[in-house]
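First the structure, in the form of structure tokens, and then the observations on it.
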Amino acid sequence: MKIAFVGKGGSGKTTLSSLFIRHLAATGAPVIAVDADINQHLGAALGLDEAEAAALPAMGDRLPLIKDYLRGGNPRIASAETMIKTTPPGEGSRLLRVQETNPVYDACARPVELDGGAVRLMVTGPFTDADLGVACYHSKTGAVELCLNHLVDGPDEYVVVDMTAGSDSFASGMFTRFDITFLVAEPTRKGVSVYRQYKEYARDFGVELRVVGNKVQGPDDLDFLRAEVGEDLLVTVGHSDWVRAMEKGRPPRFDLLEDTNRSALSTLQAAADATYERRDWERYTRQMVHFHLKNAQSWGNERTGVDLAAQVDPGFVLGESVTQPA
């Protein structure tokens with residue numbers, strides 16, 4: 001399952017995504033965790049110290065390697081340099097599988113041990129002064145989008161992406177790359193404002209959106225969220241002594257997490273697992289092509305000097321049955 005966590009800054013998005021990743025790892029499931037937020041905090045939330053988090057290889061810095069590997073022998077792509085963040089796979093492209101070893105994972109992923117399990121952690125790289133003005137942070141998250149376009153995952157495999165805060169995800173088609181999106185919302189007007197933006201923009205793309213109420217302290221908070229988001233409210237989470245200890249750098253064993261919060265994480269997993277039977281690879285591929293053609297026309301053709309529409313393989317549909325080229 002491909003799963004996104006979104007929400008406004010300070011909503012607890014990264015904390016909840018890290019708890020969900022820990023929960024999945026504790027079940028023994030294979031997990032790829034991706035920090036695609038403009039503020040890189042997922043590594044720390046998973047227990048890495050400052051030096052370890054800073055040493056993680058940035059996907060944005062390894063984009064040429066990623067493009068070269070994923071291009072493979074696709075005859076429609078003249079060179080890796082002409083690939084952009086929305087370039088879709090076609091016949092001859094190399095695909096990524098959750099549990100395999102490949103040059104992309106070797107270069108960009110690092111194992112993180114978590115209470116009896118381990119996950120692969122990948123990060124876009126930190127936001128720097130060089131990303132202001134002329135350069136754009138979306139060039140970093142573009143590496144994530146390109147990988148998601150070429151990633152085939154099966155049942156009981158999980159790719160969990162901690163997305164950039166707010167509605168920045170709509171700057172590209174990456175918000176359509178997930179089986180389910182968990183929007184973390186506090187019981188405040190600001191807390192649900194991102195939900196409204198997400199709901200409105202994603203309406204025409206079949207995005208599965210569920211709300212996780214965070215920092216819910218009582219019936220009034222719960223009633224507020226129910227009134228604002230209706231049936232999209234999946235579960236709520238309140239105060240956690242375990243999380244407070246984790247934020248101090250002294251997390252207890254994960255099996256000591258409060259029962260109510262463990263139950264909430266199980267609810268998230270059940271919601272994610274339920275999307276598998278509703279997967280539509282043809283729609284997924286069609287949306288991929290839609291955003292690629294949109295980007296090609298608006299800036300890609302001019303930047304690369306080629307007609308990027310020619311990269312689209314009209315007979316190709318991404319899916320679990322697609323075989324990897326030799």
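Here SER240 fulfils each of the conditions (1) at pLDDT below 95; (2) surrounded by 16 or more Cβ atoms within 10 Å (Cβ to Cβ); (3) over 21 Å from SER17 (Cβ atoms) apart from (3).
Restricting the first member to the range 204-226 and to residues that are open to solvent by 40 Å² or more (accessible area, probe 1.4 Å), and the second to residues that are aromatic (Phe, Trp, Tyr), the beta-carbon pairs closer than 8 Å and six or more apart or on different chains are PHE205/PHE175; GLU208/PHE178; ARG210/PHE182. Only residues that are of a type in the set (Gly, Ala, Ser), under 30 Å from TYR276 (Cβ atoms) and open to solvent by 60 Å² or more (accessible area, probe 1.4 Å): list them for the range 295-326, please. Those that are of a type in the set (Gly, Ala, Ser), under 30 Å from TYR276 (Cβ atoms) and open to solvent by 60 Å² or more (accessible area, probe 1.4 Å): GLY315, SER321, ALA326. Here GLY10, GLY60 are screened, and the one residue that is modelled with pLDDT under 95 and over 24 Å from LYS248 (Cβ atoms) is GLY60. Do the conditions hold for GLN287, that is, is it surrounded by 13 or more Cβ atoms within 10 Å (Cβ to Cβ) and in contact with a Lys or Arg (Cβ under 7 Å, 6 or more places away or on another chain)? Criteria not met by GLN287. Could you list, in sequence order, all residues of the range 275-293 that are over 16 Å from ASP204 (Cα atoms) and either in a loop (DSSP other than H, G, I, E, B) or polar (S, T, N, Q) (or both)? Within the range 275-293, THR275, ARG279 qualify.
Scanning the range 84-107 for residues that are in contact (Cβ under 8 Å) with a residue 24 or more places away in the chain, part of a loop (DSSP other than H, G, I, E, B), over 22 Å from GLN287 (Cβ atoms) and open to solvent by 10 Å² or more (accessible area, probe 1.4 Å) yields one hit, GLN99.
The residues listed here are LEU265, LEU318; of these, the one that is touching a His at 6+ places or on another chain (Cβ under 7 Å) and either within 25 Å of ASP115 (Cα to Cα) or assigned to a loop (DSSP other than H, G, I, E, B) (or both) is LEU265. For the range 294-315, the set of residues classified as of a type in the set (Val, Ile, Thr) and assigned to a helix (DSSP H, G or I) consists of THR304 only.
Table: residues versus (1) of a type in the set (Ser, Thr, Tyr); (2) modelled with pLDDT of 95 or more.
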| residue | (1), (2) |
| --- | --- |
| LEU114 | no, no |
| MET122 | no, yes |
| LEU132 | no, no |
| HIS138 | no, no |
| GLY142 | no, no |
| GLU145 | no, no |
| GLY154 | no, no |
| SER169 | yes, no |
| ILE180 | no, yes |
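I want to confirm something. Restricting to the range 27-60 and keeping residues that are in a helix (DSSP H, G or I) and in contact with a helix residue (DSSP H, G or I) (Cβ under 6 Å, 6 or more places away or on another chain), which single residue is most open to solvent (accessible area, probe 1.4 Å)? My answer is ALA44.
What residue, among those in the range 66-83 that are in a loop (DSSP other than H, G, I, E, B) and over 13 Å from ASP313 (Cβ atoms), is least open to solvent (accessible area, probe 1.4 Å)? Break it down stepwise before answering.
Step one: of the range 66-83, the residues in a loop (DSSP other than H, G, I, E, B) are 72-79, 83.
Remaining after also requiring over 13 Å from ASP313 (Cβ atoms): 78-79, 83.
Details: ALA78: 81, SER79: 30, MET83: 3 Å².
Taking the candidates together, the pick is MET83.
Listed residues GLY28, GLY7, GLY12; which is in contact (Cβ under 8 Å) with a residue 40 or more places away in the chain and more than 24 Å from THR236 (Cα to Cα)? Unique residue meeting the criteria: GLY28. For the range 258-277, taking the residues that are among the charged types (D, E, K, R) and without any contact (Cβ under 8 Å) to a residue 12 or more places away in the chain, the one that is farthest from PHE175 (Cα to Cα) is identified as ASP259. If you go through the range 278-326 and keep only what is among the aliphatic types (A, V, I, L, M) and in contact (Cβ under 8 Å) with a residue 60 or more places away in the chain, you end up with MET288, VAL289, ALA296, VAL306, LEU308, ALA310, VAL312, LEU318, VAL322.
The values are calculated or read from the model by the stated rules, or taken from the named source; none is laboratory data. Since we're looking at a predicted model, the values are computed, not measured. FYI the Cβ positions are ideal-geometry reconstructions off the backbone, even for glycines, and counts take in every protein chain you see. These accessible areas exclude ligands, DNA and RNA; they are computed on the full protein's heavy atoms, side chains included. Shrake-Rupley method; radii C 1.70, N 1.55, O 1.52, S 1.80 Å.
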